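The values are calculated or read from the model by the stated rules, or taken from the named source; none is laboratory data. What you are looking at is a predicted structure, and each value in this text was computed from that prediction instead of being measured. Here the Cβ is made from the backbone with ideal geometry for all residues, glycine too, and neighbour counts use every protein chain on show. Areas reflect the complete protein model, heavy atoms only, side chains present, ligands, DNA and RNA absent. Shrake-Rupley method; radii C 1.70, N 1.55, O 1.52, S 1.80 Å.
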Amino acid sequence: MTDWDLKKLRILRALDECGTVTAAAARLSMTPSAVSQQLSLLSRQLGAPMLEPYGRRVRLTSAARLVLRHADRVFGQLEQAEAELAGYLHGEAGEVRIGAFATAITGLVVPAVARLRESAPRLVVRLVEAEAAEAFELLACGEVDLSVSLSVRGSVAEDPRLVQIPLLDDPLDVALPVGHPLATAAGPRLAQLADDPWIFGGSGPWREITLGACADAGFVPERAHTAADWAAILAMVGAGLGVALVPRLLSRAGESPGVVVRALPADLPSRRVVAAVRVGTEQAPPLRRVLAEIVKSK
């Protein structure tokens, strides 16, 4: 296979555009003899003459024009690659795949992506809904480039192949039926709900978060109903079946029928939301651009 020399091809193109060896040499800041020497070397490399006598001057051969037709396409592709690389290095182009849990997608990621579509339209962001450990597993195996999940003790987030970046502490509010005594009470405390029926998942990080918050308040909640889907949990609360802790990111989405969401400023329960990337990728410009926009959504 021929070893193509881009420098020599640029000299050939300059001669075609300038018309004479002297003019081409001036454009390229070379001597005329150096231009002639490089084109002679190109002829030997390609096995075909690039120049032929034309009066007291030289002109391109048919073989040279054939080579230039292909070279022009090559240079066009290289210029496009340079432009895309410049965009990548400025965080304005490329692709970032994000694995995130549902409320983070709604409250953090989607607003960030909406802003990026305006400010960096060549930066493509692809979303995958994935809860806690699943998001980290997708990241570790290369299925996503960035995960947004919850920091849970003992999770695969502690994998040494991953770098964790704290995003925010998301306050936990309590969802109560409209007629609940604490729905309108001043300064509700979590401990006042120790005897209420509770609604939370049977496994996973949200179960651990709920149990941990209640333990800090001095009681173990009675799980009367088991659900992991937020729409189902809030429907149960609205029907008067129990109470539940809900993240502030979820309550941003709007009101649910029959439900009153109250803050717990005296207890300050919260969950820690973290981002993670694979070790060695944390300085990649597109990832840094996306992370910066997610941080703005807090």
- Task: Being modelled with pLDDT of 90 or more, surrounded by fewer than 16 Cβ atoms within 10 Å (Cβ to Cβ) and closer than 25 Å to residue 111 by Cα narrows it down to one of 222, 143, so name that one.
- Result: 143
- Going through (1) farther than 23 Å from residue 106 by Cβ; (2) out of contact with any Lys or Arg (no Cβ under 7 Å at 6 or more places or on another chain); (3) open to solvent by 30 Å² or more (accessible area, probe 1.4 Å) one by one, residue 164 fails only at (1)
- Note on the structure: Cβ pairs under 8 Å, 6+ apart or interchain, first in segment 278-298 and within 15 Å of residue 89 (Cβ to Cβ), second open to solvent by less than 60 Å² (accessible area, probe 1.4 Å) and hydroxyl-bearing (Ser, Thr, Tyr), ordered by first then second residue, are 287/281
- Message: Name the residue that is most open to solvent (accessible area, probe 1.4 Å), counting only residues in segment 85-105 that are within 15 Å of the chain's Cα centre (by Cα) and closer than 20 Å to residue 171 by Cα.
- Response: 105
- Task: Among the numbered conditions (1) out of contact with any helix residue (DSSP H, G or I) (no Cβ under 7 Å at 6 or more places or on another chain); (2) among the hydroxyl-bearing types (Ser, Thr, Tyr); (3) open to solvent by 40 Å² or more (accessible area, probe 1.4 Å), tell me where residue 43 comes up short.
- Result: (3)
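Could you list all residues from segment 264-280 that are surrounded by fewer than 16 Cβ atoms within 10 Å (Cβ to Cβ) and either closer than 20 Å to residue 189 by Cα or of a type outside the set (A, V, I, L, M, F, W, C) (or both)? If you could, list the steps in order and put the result at the bottom.
Just the residues of segment 264-280 that are surrounded by fewer than 16 Cβ atoms within 10 Å (Cβ to Cβ), to begin with: 265-266, 268, 272, 279-280.
265, 266, 268, 272, 280 - these are the residues of segment 264-280 that are surrounded by fewer than 16 Cβ atoms within 10 Å (Cβ to Cβ) and either closer than 20 Å to residue 189 by Cα or of a type outside the set (A, V, I, L, M, F, W, C) (or both).
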- Query: Only one residue in 241, 182 is assigned to a helix (DSSP H, G or I), hydrophobic (A, V, I, L, M, F, W, C) and open to solvent by 10 Å² or more (accessible area, probe 1.4 Å). Which one?
  - Reply: 182
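In segment 197-206, what residues are part of a helix (DSSP H, G or I) and touching a Ser or Thr at 6+ places or on another chain (Cβ under 9 Å)? Give the steps one after another, and end with the answer.
So the first thing to find is which residues in segment 197-206 are part of a helix (DSSP H, G or I), and the list is 205-206.
Listed by number, the list holds a single entry, 205.
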